[in-house]
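Right, one structure below, let's go through it.
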Amino acid sequence: MMRSVALLLALCSSLVLSQLARAEVQLLTSIKPLQLIAAAVQEGVGQPAVLLPPGASPHRFALRPSDIRRLREASLFYWVGPDLEGFLGKPLAAREGRSLALQSLPGLTLRHFGESAEEHAAHADEHEHPAEHDHDHRPGSIDVHLWLLPANARLIAARMASDLAAIDPANAARYQANLTAFEARLKQLDQRLQKRLAPLAGKPFFVFHETYDYFEQAYGLRHAGVFSLGSEVQPGARHVADMREQLKAAGPSCVFSEPPLQPRLAQTLSEGLPVQLAELDALGSEVAPGPQGYEQLLEGLAETLASCLQVD
């Protein structure tokens, strides 16, 4: 009897320790799109968390004490890098756990603002960044919206699966299986989006923030103009007049802003013109962080573009 009780206690203790070991693998990402990729890799094992709340800008964010604590306690932390989340530099310097700035991930496709297709190809393997950054779109600066290219998402997921397996070897096979399934879904997604967006090549559209170049590159689209002068700069009358001339010259077109707010300038620019206004959400604010959330993010972008641009 005593031996049976001892065996039962040992079994219970082993189960508790196993649960605790799994609970210790806490994956945290800076922004929602990275959380969506991580959710595909951790399916059935854990649920990744995200640092920035919905609607918060990754360009400038003030960390709270609770955010600092989450950074300290996370087993793994992934962020795009100092070219996007510059506010994380000092907090991460004090962090002991594993952190990875994904803009430095080997093999990742990186675009630079203002470059031609040939220059982009030449930059494909470069990962050099200045010591300090303030996210901007000056020619030559890195386009940090790298998650919008499915090929990049595949590489990010593979790195996450490798890191998770190193920390949690008991679930290594599951992480690899999840990665394989994610890659297969990305291949199918890419085929669907190619078919959906191919008829839209050459149709004019305008954006307020140069966010979508990776997505445009993947699916043969190209915006005709960018209207934003920066979040803290109000355009003058001359600039507004020039932008309206661009819209007039384009004919029927679409102007895309980003949630949560539509710039008042959008209404001014489009008044009386054959222009439709819509929103493109590159951060997937409304997407649930499930295993197929990343696919839903890209499909949402494609559907918004197609609904506005296609001619029935």
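A short reminder: the numbers here are calculations on the coordinates, not readings from a lab. The model shown is predicted, which means the values in this text are computed figures rather than measured ones. Using ideal geometry, Cβ is built from the backbone for each residue, glycine included, and neighbour counts are taken over all protein chains shown.
Here are the numbers for the structure shown:
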| quantity | calculated |
| --- | --- |
| Calculated FRET efficiency for the pair Gln310/Ala151, C-beta based, R₀ 30 Å, to 0.05 | 0.75 |
| Ala177 paired with Ala237, simple spin-label distance in nm, labels 7 Å along Cα-to-beta-carbon | 6.8 nm |
| Net charge over other residues, Cβ less than 15 angstrom from the Cβ of Tyr219 (K, R count +1; D, E count -1) | +1 |
| Cross-link partners of Lys195 among lysines (Cα-Cα below 19 Å; sequence separation of 8 or more within a chain) | Lys187, Lys203 |
| Cβ-placed point charges (K, R +1; D, E -1), dipole of segment 56-107 about Cα centre in debye, nearest 20 | 180 debye |
| Charge dipole of segment 199-309 about the Cα centre (unit charges at C-beta), most positive-ward option of Pro274, His223, Cys308 | Pro274 |
| Neighbour net charge for Leu269 - beta-carbon separation under 15 angstrom, K R +1, D E -1 | +1 |
| Estimated FRET transfer efficiency (Ala170, Ala56; beta-carbon r; R0 45 Å; 0.05) | 0.85 |
| Where labels lie 7 Å past Cα in the beta-carbon direction, separation of Glu210 and Glu96 in nm | 4.3 nm |
| Net charge over other residues, Cβ less than 12 angstrom from the Cβ of Leu297 (K, R count +1; D, E count -1) | -4 |
| Global form of segment 183-312, assessed from the alpha-carbon gyration tensor, a/c cut-off 1.5 | prolate |
